[in-house]
1. Here are some residues: Ser330, Ser317, Ser276. Which one is under 29 Å from the mean Cα position of the chain (by Cα), farther than 30 Å from Ala379 by Cβ and at pLDDT 80 or above?
2. Could you check, for segment 29-46, whether at least one of its residues is surrounded by 14 or more Cβ atoms within 10 Å (Cβ to Cβ), without any contact (Cβ under 8 Å) to a residue 24 or more places away in the chain and closer than 29 Å to Asn175 by Cβ?
3. Looking for whichever is touching a Leu at 6+ places or on another chain (Cβ under 6 Å), at pLDDT below 80 and either on the phi > 0 side of the Ramachandran plot or surrounded by 10 or more Cβ atoms within 10 Å (Cβ to Cβ) (or both) here; the options are Leu377, Leu343. Which one fits?
4. Among the candidates Val228, Val249, which residue alone is of a type in the set (A, V, I, L, M), closer than 24 Å to His306 by Cα and at pLDDT below 75?
5. Pick out, from segment 4-110, the helices (runs of 4 or more DSSP H) lying fully within it that include 2 or more residues that are modelled with pLDDT of 85 or more and more than 33 Å from the chain's Cα centre (by Cα).
6. Within the set of pairs 6 or more residues apart or between chains, which connect a residue that is more than 20 Å from Pro7 (Cβ to Cβ) inside segment 122-143 to a residue that is at pLDDT below 85 and of a type in the set (Ser, Thr, Tyr) with Cβ atoms less than 6 Å apart?
7. Does Ile182 satisfy being at pLDDT 80 or above, in a helix (DSSP H, G or I) and among the aliphatic types (A, V, I, L, M)?
8. When both residues are 6+ apart or on different chains and their Cβ atoms are under 7 Å apart, which pairs have a first residue that lies in segment 337-356 and is under 18 Å from Ile381 (Cα atoms) and free of Cβ contacts under 8 Å to residues at least 24 places away in the same chain, and a second that is exposed (fewer than 10 other Cβ atoms within 10 Å of the Cβ) and aliphatic (A, V, I, L, M)?
Amino acid sequence: MLAALNPVQWLAGISLVILAIYSLKYREQKVARLLSVFLFLTGTWCIFAAAIFLNFDLETKITFNRLKMLSATLIPITIFYFSVALNNEIKIPKWMTRLLFLVPVTTVVIILSPWHNLMITGYETLVIDTLEILQFKNGQWFQVHNTYSRILMLTGFYFIYSGAKSLHSFYRKRNYVILAAILFPFLVDTAAVYAYPIFRYLQLVPLSLSLTSYLIVYVIFAQKALEVIPYARSQIITHMKDPCLMWDVKGNLVDFNQAAAELFDLKENVHQHFESNIHLDNVKQTNPLFIGKNHHIYDLQYQDVHNEHGQFVGSFSLLKDITNQKNLESELKRLNEVKTLLLGVMSHDVTSNMRHITKLSEILNSKPFSEKEVSVLAADIQSSSVEVYDFIKDLVSWSKSQMKSWNLEIEHINLKML
């Protein structure tokens, strides 16, 4: 049964090297480049481990073991930087980057040098179930490298986990799968180093990491996690000021952004049970919605979502804050009422005075009047004319004062933020 491990190791190692080459298709992204390095190192680690089981002499087996250790040495630092790339909030200074490579580079030099016994020593072969395995003992430097690598990987695990909390649910699940895929071989290696050395002799650690690496490949490539479009969409939705809600086929809330969490008092983790019993049918009942802590008015817009096969998979809702729009509409309505009242007053006052002036003028032209009568009618016409003039003058002054209330404000706008 143990003999069946060898072809599995060969197949896993070669396929991972092929996947490492394929991942260079997205080499413009840092995550893809680090994934390619990780897959290549894991694949070659598994290939060299499989070669040890072939019927070579002891010196050849030792050579393959040293080559295997070269790949294994660089995997922890690669996983660490891969975890940093998955967490955009982590920034590592350049001086620390150089310092982090000190132990791995020293280990590589030791493996390639005549003093490679500082890493692994006491080689001997042992046959188990027709399988010739290579036994060895840990050297003095191995303890330093092993402790450093474990601290590095544990830090990487923390980065992956902490980074998942601030991501959209699609990328949050991706991080959790990647964390599980790397954590399992880490636990196998821990058991092999400290409790069951037979796991190391049977090369189960590289085999377990190779097999779980397919999970990493799946969540990144099969779910198109490296495509810029879904990532950009996720970031846009996450940082939108307008609340966004995602519903499943049954109308149950499955995800939301930070704005929606604040509006509905939802928990940040979508996988937890919601305290608010929000359902799509309830949200659709009123439009616009009068909701929110400050009684803001929201206009609900929702769209059905279909997969690539045209199947209905859920709905997407956007709540647009139209409070300012409604306030402006109310103000505009008030101004229209003022305008109507003003036009009514103007119509009455101007029309009355102009009708009075016109009537007096007709009387003057209808028949001769004495000088005293003309003087009385002229005074009456002058009085009405002055009233019209004063009214128009006041109206013009009021219009000018209203125009002065509009002040032009010039400011710089960052178009990238629009």
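The values are calculated or read from the model by the stated rules, or taken from the named source; none is laboratory data. Here the structure is a predicted model, which is why all the values come from computation and not from measurement. With ideal geometry, Cβ positions are generated from the backbone for all residues, glycine too; neighbour counts draw on all protein chains shown.
1. Of Ser330, Ser317, Ser276, the one residue that is under 29 Å from the mean Cα position of the chain (by Cα), farther than 30 Å from Ala379 by Cβ and at pLDDT 80 or above is Ser317.
2. Yes: one or more hits.
3. Leu377
4. So the residue among Val228, Val249 that is of a type in the set (A, V, I, L, M), closer than 24 Å to His306 by Cα and at pLDDT below 75 is Val228.
5. 5-23, 30-52, 58-86
6. From residues that are more than 20 Å from Pro7 (Cβ to Cβ), the pairs are Gln135/Tyr201; Phe136/Tyr123.
7. Here the answer is yes, as Ile182 does meet what is asked.
8. none
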